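Step one of this worksheet: look at the structure below.
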Amino acid sequence: MSRVDGRLKVTGGATYAADNQLTGLVYGVLVTSTIAKGRIKAIDTQAARKAPGVLEIITYQNAPKVPGYEAKPTGQTRVDGQEFRVFYNDEILFNNQPVALVLADTFERANHAASLVTVQYAQAPHQTALRPNLTKGTKPKRADDYLRGQANAYTTAPVRVEQEYTTPINVHNPMEPHAATAVWQDANNVTVYNKTQAVRIAQQDIMKAFNLKEENVRVHSPFVGGAFGSSSRVWPQEMAAILGAKKVGRPVKVVLRRDQVFNMVGYRPESIQKVGIGASPDGKLVGITHEAYGLTSSYEQFAERIVDPSKSLYSCPNLNTTYKLVPLDLSTPCWTRGPGESSGSFALESAMDELAYALGMDPIALRLANFAENDPENQHPWTSNQLRACYERGATQFNWARRTPAPGSMRDGDWLVGLGMSAGIYKAGRSPATARATLLADGSLLVQSATADVGPGTYTIMTQIAADVMSMDPAHVRFELGDSALPPAPGQFGSHTTTSVGSAVYDVCLSLRQKVLELASGQAITTRDGYVELLRQKGMPQLSVTKESKSGSEEKTHSGKSFCANFVEVWVHPVTGQVRVVKVVSALDVGKVINAKTARSQVLGSVVWGLGMALMEEGQIDHRFGRYVNKDLADYHLPVFADVPDIDVILIDQPDTILDPIGAKGIGEIGMIGFAAAVANAVYHATGKRIRNLPITPDKLMA
Amino acid sequence: MQHNEPDRNNNAGQEARRDFLKQSTLLTALSLTPSVVVQAAEKHLDEKAAAYFEQVTLKLTINGKPYTLSVEPRVTLLDLLRERLNLTGTKKGCDYGQCGACTVHIDGRRTLSCLTFAVMHEGQAVTTIEGLAEAGPQGKLHPVQEAFIRHDGFQCGYCTPGQIMSAIGCLREDRANSPDEIREYMSGNICRCGAYNNIVDAIAEVKKGGQKV
Ligand code: FES
Ligand code: FES
């Protein structure tokens with residue numbers, strides 16, 4: 001089935017956060033710091049205030065008070081520490097930090113006036129580089145070091161690999177720059193048209209900040225132009241729009257410039273990782289040690305799940321992991337597609353390939369020899385696990401059998417050909433979610449839940465689930481999301497929307513069906529006319545059921561994960577070091593597939609992200625200034641059409657009978673896990689050069 | 001029928017402009033400023049003079065409808081469409097000509113609307129994503145729009161208006177003769193969701209179908 005919101009998206013009718021042109025709209029443009037650490041000595045807004053069309057300029061000196069900024073951090077927030085407080089005081093915590101908001105009647109005027117604001121700083125020495133500061137690394141509050149069996153047992157194994165792997169900063173860079181339009185209806189009621197993956201989280205954060213009740217804060221986000229984790233908490237542009245609107249008493253729109261997207265809304269932090277892995281000569285793993293360093297801001301601890309794949313992907317009796325965070329004078333990173341797992345799996349799956357070579361073993365055979373029948377982290381049985389089928393079907397489709405293992409042994413004309421593979425694992429779970437299903441007088445069905453659709457196709461999938469349960473034509477079902485006033489749902493992240501909200505939609509429709517059955521005295525109704533007639537007979541304008549769904553005891557007894565096997569063929573030019581990915585096969589176990597079209601698209605997206613991570617994406621900071629060098633889309637390279645090869649997506653499509661009633665697991669991120677390693681492994685196979693520092697740019701291959 | 005922009009309810013802005021015009025030092029610094037304008041400004045007869053001074057008359061056609069507008073020369077075509085005419089289907093992804101989200105057609109050719117000033121298009125015909133389908137919620141879609149839906153050529157949908165305008169350009173330029181050629185001639189349009197292969201399939205299908213674009 002094609003997307004139900006397809007027509008809106010191809011006609012320009014889908015309204016994203018910056019598309020709300022409210023009457024009397026005022027434009028807010030942020031002025032940002034040019035130093036990474038220190039204090040504001042003086043801000044001169046005189047010239048800017050005189051510029052045509054300027055209504056107000058907000059700085060820390062005149063910003064409306066935010067009561068929530070005074071509260072002591074509770075430790076209840078999802079990121080530990082003191083959130084960044086916009087226009088709060090004279091302190092500069094990172095470069096390109098917002099220091100003023102210029103409000104004017106047109107965008108051009110606001111922009112021009114912003115250029116007239118001058119700021120003087122008292123600069124303090126900053127630290128923005130990870131490696132020279134590793135000794136400052138500490139164990140984050142939110143992550144525990146892990147041990148099973150003996151620590152560092154790999155050192156005793158007859159065959160072993162011990163290497164360091166690094167991944168750079170990656171920036172989400174959704175095509176839609178982050179934007180918010182805020183309007184205060186009165187002193188206590190605010191509405192925000194927002195770019196968010198979680199209207200309820202945005203609502204709660206705004207309530208806390210301004211000391212407001214739930215009914216006073218409304219957040220709308222019906223369409224989100226990509227987010228990938230970057231819209232899962234409230235950021236400066238939302239707060240700036242809300243503060244601006246309060247100050248001028250008119251609706252205010254703040255849209256980040258592309259360079260501001262680089263550091264104001266989080267990013268994937270750089271990592272330095274050490275993996276030690278050892279096996280007996282037959283390929284049985286003896287021990288794995290995975291030590292990771294990440295970076296965070298000076299004011300918050302953002303912890304990732306970087307060592308998680310290592311804990312569960314393979315059966316291995318001895319395993320120890322550590323994770324340390326280094327605070328730097330940068331803004332706080334945040335969840336980025338496959339947050340942690342993407343970087344961690346690059347290290348683990350590269351090391352597995354190195355081990356396969358050290359053993360003289362086929363990489364798939366090595367993985368099968370260490371297949372985990374249960375989750376080795378906690379000995380729980382899997383809710384479902386089709387990883388073997390992923391290896392098997394992926395290898396067949398890819399024609400892995402043609403591979404001659406010796407590096408540099410395959411060629412096509414001038415080009416060196418390399419075939420590489422890897423495995424991936426990603427948590428599959430669900431959170432409590434509530435949905436409302438309403439049978440309307442015209443016999444159609446309205447289903448609502450405060451979830452989001454940032455691209456995976458939630459509008460469509462929920463429509464299908466509801467139509468299925470009610471035996472209705474999907475054309476007669478409408479699903480609404482992206483409004484904080486709807487029944488609560490978790491944010492759209494962590495690949496758990498279908499398992500959580502899908503289950504709620506399923507359950508509420510079951511209840512509604514039951515109600516209808518009772519009303520119709522046991523007569524099943526399957527036609528729209530039938531529903532119309534029933535409601536008419538009973539004199540009911542509509543029939544509505546609201547229901548919460550959540551997991552039961554299976555959460556404690558079973559381990560839910562999605563799995564994948566990635567296969568990549570690269571061609572490497574021996575002279576220029578150019579790497580072309582020419583073929584990708586992704587085989588995935590994501591449980592039951594609800595919509596084949598949108599599911600495949602999710603995997604295509606993950607693969608494109610994996611290509612970017614492997615070959616080109618790198619946020620570069622000039623540490624002399626603590627400032628991004630490549631902060632636009634010409635210098636920060638994202639994959640474009642010409643970079644993307646044929647991609648075969650194989651969905652094993654076996655329902656998970658334990659995790660949730662609809663059999664789904666989660667699909668938005670798994671395709672990216674391990675992917676960068678598959679590319680690196682293919683590059684090694686082509687060239688004999690093992691690149692352990694992402695991205696794999698030509699200079700590293702020519703060296 | 002003439003289409004003019006909606007009233008913008010800008011009293012506060014006008015007061016600020018008056019303040020600005022009182023800064024006669026600023027204005028006299030502009031050597032081209034006619035003294036009559038400066039005098040008018042100083043005598044608070046400034047609004048009309050200021051409008052005359054800052055704004056340029058612009059006539060152009062957008063999606064088949066003639067518009068007569070008064071715009072500042074620094075307004076980009078993209079901001080004119082989005083912020084003044086409420087044609088928000090055209091998207092801003094970067095504002096620097098690096099992403100393709102803002103692609104429109106000017107006299108039938110694909111153009112990045114963020115990289116061109118509105119006043120440069122006097123007398124020209126602009127087509128935006130809103131101008132492709134027949135009017136109304138059930139109006140017939142352009143073949144490329146239909147192909148995008150069929151092939152799931154988008155996820156979040158944000159790059160989509162630009163992709164579709166560019167895809168039509170690619171077909172008209174006769175640069176859609178193979179998947180590789182499509183990839184090359186569509187590479188100015190970034191899709192962070194990674195819908196590339198589906199877009200290639202959509203364009204190839206329209207090419208094969210031979211429909212008029
Ligand atoms: S907005 Fe014009 S190219 Fe990006
Ligand atoms: S569909 Fe999201 S950027 Fe292309």
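The values are calculated or read from the model by the stated rules, or taken from the named source; none is laboratory data. Since this is a predicted model, take the numbers as computed values, not measurements. A quick note on method: Cβ atoms are made from the backbone with ideal geometry, for glycine too, and the neighbour counts reach across all protein chains shown.
For this structure, a couple of remarks:
- Considered as a group, the residues in the range A:219-236 that are of a type outside the set (A, V, I, L, M) and more than 14 Å from every other protein chain (Cβ to nearest Cβ) include one that is nearest to ligand 2 (Cβ to nearest atom), and that residue is A:Ser232.
Here's the yes/no breakdown for (1) in a loop (DSSP other than H, G, I, E, B); (2) farther than 30 Å from A:Thr321 by Cβ; (3) touching a helix residue (DSSP H, G or I) at 6+ places or on another chain (Cβ under 9 Å); (4) not aliphatic (A, V, I, L, M):
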{"residue": "A:Phe94", "(1), (2), (3), (4)": "yes, no, yes, yes"}
{"residue": "A:Gln120", "(1), (2), (3), (4)": "no, yes, no, yes"}
{"residue": "A:Pro125", "(1), (2), (3), (4)": "yes, yes, no, yes"}
{"residue": "A:Ala143", "(1), (2), (3), (4)": "yes, no, no, no"}
{"residue": "A:Gln150", "(1), (2), (3), (4)": "yes, no, yes, yes"}
{"residue": "A:Gln163", "(1), (2), (3), (4)": "no, no, yes, yes"}
{"residue": "A:Pro174", "(1), (2), (3), (4)": "yes, yes, yes, yes"}
{"residue": "A:Thr181", "(1), (2), (3), (4)": "no, yes, yes, yes"}
{"residue": "A:Tyr193", "(1), (2), (3), (4)": "no, yes, yes, yes"}
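- Where B:Asn177 falls short, out of the listed (1) away from ligand 1 (no atom under 16 Å from the Cβ); (2) at the interface with chain A (Cβ under 8 Å from one of its Cβ atoms); (3) surrounded by fewer than 22 Cβ atoms within 10 Å (Cβ to Cβ): (2)
- Within the range A:228-266, the set of residues being among the hydrophobic types (A, V, I, L, M, F, W, C) and part of a helix (DSSP H, G or I) comprises A:Met239, A:Ala240, A:Ala241, A:Ile242, A:Leu243, A:Ala245, A:Val248, A:Val261, A:Phe262, A:Met264.
- Scan of the range B:179-213 for residues that are at pLDDT below 95 and touching a Lys or Arg at 6+ places or on another chain (Cβ under 8 Å), ordered by number: B:Val213
Here's the yes/no breakdown for (1) within 14 Å of chain B (Cβ to nearest Cβ); (2) hydrophobic (A, V, I, L, M, F, W, C):
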{"residue": "A:Lys72", "(1), (2)": "no, no"}
{"residue": "A:Gly81", "(1), (2)": "no, no"}
{"residue": "A:Phe84", "(1), (2)": "no, yes"}
{"residue": "A:Glu91", "(1), (2)": "no, no"}
{"residue": "A:Phe94", "(1), (2)": "no, yes"}
{"residue": "A:Val102", "(1), (2)": "yes, yes"}
{"residue": "A:Asp105", "(1), (2)": "yes, no"}
{"residue": "A:Ser115", "(1), (2)": "yes, no"}
{"residue": "A:Ala124", "(1), (2)": "no, yes"}
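- Residue match in the range B:135-157 (condition: within 16 Å of ligand 1 (Cβ to nearest atom) and within 28 Å of A:Asp646 (Cα to Cα)): yes
- Residue in the range B:101-108 that is within 29 Å of B:Tyr185 (Cβ to Cβ), outside the structural domain of B:Tyr185 (by TED's automatic domain parsing) and touching a Cys at 6+ places or on another chain (Cβ under 6 Å) present: yes
- Filtering the range A:393-406 for residues that are in a loop (DSSP other than H, G, I, E, B), outside the structural domain of A:Glu617 (by TED's automatic domain parsing) and out of contact with any His (no Cβ under 7 Å at 6 or more places or on another chain) leaves an empty set.
- Some residue of the range A:671-684 being out of contact with any Asp or Glu (no Cβ under 7 Å at 6 or more places or on another chain) and not in a helix (DSSP H, G or I): no
- Single residue of A:Gln197, A:Gln185, A:Gln204 found to be surrounded by fewer than 24 Cβ atoms within 10 Å (Cβ to Cβ) and under 23 Å from the mean Cα position of the chain (by Cα): A:Gln204
- Flag if A:Ala47 is within 9 Å of chain B (Cβ to nearest Cβ), assigned to a helix (DSSP H, G or I) and not acidic (Asp, Glu): no
- Whenever a residue of the range B:183-194 is farther than 16 Å from B:Leu112 by Cα, its partners that are within 16 Å of ligand 1 (Cβ to nearest atom) and of a type in the set (A, V, I, L, M), lying with C-beta atoms within less than 8 angstrom and at least six residues away or across chains, give the pairs B:Arg192/A:Met175; B:Arg192/A:Leu638; B:Cys193/A:Met175.
- In the range A:161-182, residue farthest from ligand 2 (Cβ to nearest atom) [restricted to those that are of a type in the set (Gly, Ala, Ser) and buried (at least 24 other Cβ atoms within 10 Å of the Cβ)]: A:Ala182
- All conditions but one from (1) within 13 Å of ligand 2 (Cβ to nearest atom); (2) within 7 Å of chain A (Cβ to nearest Cβ) apply to B:Glu130; the one that does not is (1).
- Taking the numbered list (1) closer than 18 Å to A:Leu387 by Cβ; (2) crowded, with 24+ Cβ neighbours inside 10 Å in turn, A:Gly283 passes all entries but (2).
- Filter result (away from every other protein chain (no Cβ under 14 Å) and touching an Asp or Glu at 6+ places or on another chain (Cβ under 9 Å)) within the range A:572-588: A:His573, A:Pro574, A:Val575, A:Gly577, A:Ala587
- Within the range A:470-492, considering residues that are of a type in the set (A, V, I, L, M, F, W, C) and surrounded by 21 or more Cβ atoms within 10 Å (Cβ to Cβ), the one nearest to A:Ala524 (Cα to Cα): A:Met470
- Evaluation of B:Gly169 against (1) facing chain A (nearest Cβ under 8 Å); (2) within 16 Å of ligand 1 (Cβ to nearest atom) (one fails), failing number: (1)
- Residue list for the range B:67-88, filter: more than 8 Å from the chain's Cα centre (by Cα) and either crowded, with 24+ Cβ neighbours inside 10 Å or more than 8 Å from chain A (Cβ to nearest Cβ) (or both): B:Tyr67, B:Thr68, B:Leu69, B:Ser70, B:Val71, B:Pro73, B:Arg84, B:Leu85
- Residues being of a type in the set (A, V, I, L, M) and surrounded by fewer than 16 Cβ atoms within 10 Å (Cβ to Cβ) - total across the range A:130-158: 2
- Residue count for the range A:623-644 under the criterion of being within 10 Å of another protein chain (Cβ to nearest Cβ), away from ligand 1 (no atom under 16 Å from the Cβ) and surrounded by fewer than 18 Cβ atoms within 10 Å (Cβ to Cβ): the result is 1.
- Residue within the range B:121-128 that is of a type in the set (Gly, Ala, Ser) and part of a strand (DSSP E or B) present: yes
- Qualifying residue in the range B:142-152 (condition: more than 9 Å from chain A (Cβ to nearest Cβ), charged (D, E, K, R) and surrounded by 19 or more Cβ atoms within 10 Å (Cβ to Cβ)): no
- Residue check, A:Val593 within 14 Å of another protein chain (Cβ to nearest Cβ) and assigned to a loop (DSSP other than H, G, I, E, B): yes
- Some residue of the range B:142-149 being farther than 22 Å from A:Tyr16 by Cβ, within 16 Å of ligand 2 (Cβ to nearest atom) and touching a residue at least 40 places away in the same chain (Cβ under 8 Å): yes
- Filter result for B:Asp152 (modelled with pLDDT of 95 or more, under 23 Å from B:Leu60 (Cβ atoms) and assigned to a loop (DSSP other than H, G, I, E, B)): no
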